[in-house]
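What follows is a set of notes on a single structure, which appears directly below.
The values are calculated or read from the model by the stated rules, or taken from the named source; none is laboratory data. What you see is a predicted model; the values in this text were computed from it and never measured. Cβ: placed from backbone, ideal geometry, glycine included. Neighbour counts: every protein chain shown.
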Amino acid sequence: MTERQMQILAAIIEQHAEIAAPVGSVMLAQLFGVSSATIRSEMARLEEMGMIAQPHTSAGRVPTDAGYRFYVNTLNELHSNEPQTLLSDRSTKAIEARVGNQTGADRAIRSAVDSLVELTHNLGLATIGNELYLSGIGNLFSQPEFASSDHTQEVARLLDNLEPWLREAAPNEPLNVYIGAENPIGKSSGASLIISRFRSPYSDRSYIGVLGSTRQSYAKVMRLVRHAGAMLEEVL
């Protein structure tokens, strides 16, 4: 994939997250300062690679699970090459302030989850002992992708089975991202699970994260989930 194709794929993913609609060549041409024909040619190549798809009702394109996976892997590579310094933007400071003012592991974890719900507009989750704490279910089901009953049922299946699956699978990366069909349950739900492992008084394998549509701002959400896990480990 060329550098420009990578940039166009990233732009499609980021624009789609923002507008919740297929992204057209005119919008991208304005963004990149090239002709619509040039963008259409690059989009055709991305489509051949399986990175984007064209809904039959639209002239625009949307990312596929493979496109999201390529993008997320790129974000992870960028993060691994960055110096490991504490983030200092407004969102991460909000998590730090909210979690740092709590007494007790239970309250700190719940506060971190509630912060993620407010900042990402996804469903937030965390393991507290042997229980799974969930917050923001209304956020999840208010997304336009989950308006159909089929998607709603698949997401419900994923939620019903999430706790035993986390216990059994014990994801071992500091940050784990399961996109769409990569989820072990609810493969056709159109949802992404982003979770961070952290050590707590309850377990060396506690988890905090969010569940939302595959259409989301991965750069922001991954950064916040990663920071919430690191913050909890530091505080607890």
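Quick notes on this one:
- Scope the stretch 17-29; condition surrounded by fewer than 22 Cβ atoms within 10 Å (Cβ to Cβ) and closer than 11 Å to Ile52 by Cβ; matching residues: Pro22
- The requirement of being closer than 19 Å to Glu182 by Cβ, in contact with a helix residue (DSSP H, G or I) (Cβ under 6 Å, 6 or more places away or on another chain) and assigned to a strand (DSSP E or B) is fulfilled nowhere in the stretch 134-141; no residue meets it.
- Condition check for Glu168: in contact with a strand residue (DSSP E or B) (Cβ under 8 Å, 6 or more places away or on another chain) and of a type in the set (D, E, K, R): no
- Residue check, Thr120 among the β-branched types (Val, Ile, Thr) and over 17 Å from the mean Cα position of the chain (by Cα): no
- Where Thr64 falls short, out of the listed (1) at pLDDT below 95; (2) in contact with a strand residue (DSSP E or B) (Cβ under 6 Å, 6 or more places away or on another chain); (3) of a type in the set (Ser, Thr, Tyr): (1)
- Selection status of Thr57, assigned to a helix (DSSP H, G or I) and hydroxyl-bearing (Ser, Thr, Tyr): no
- When residues in the stretch 162-200 are screened for being over 15 Å from the mean Cα position of the chain (by Cα), surrounded by 15 or more Cβ atoms within 10 Å (Cβ to Cβ) and in a helix (DSSP H, G or I), 4 of them pass.
- Filtered residue count, the stretch 22-54, keeping only those that are touching a helix residue (DSSP H, G or I) at 6+ places or on another chain (Cβ under 8 Å) and charged (D, E, K, R): 3
- Qualifying residue in the stretch 92-99 (condition: surrounded by fewer than 18 Cβ atoms within 10 Å (Cβ to Cβ) and polar (S, T, N, Q)): no
- Considered as a group, the residues in the stretch 202-236 that are more than 22 Å from Pro144 (Cβ to Cβ) and among the polar types (S, T, N, Q) include one that is surrounded by the most Cβ atoms within 10 Å (Cβ to Cβ), and that residue is Ser206.
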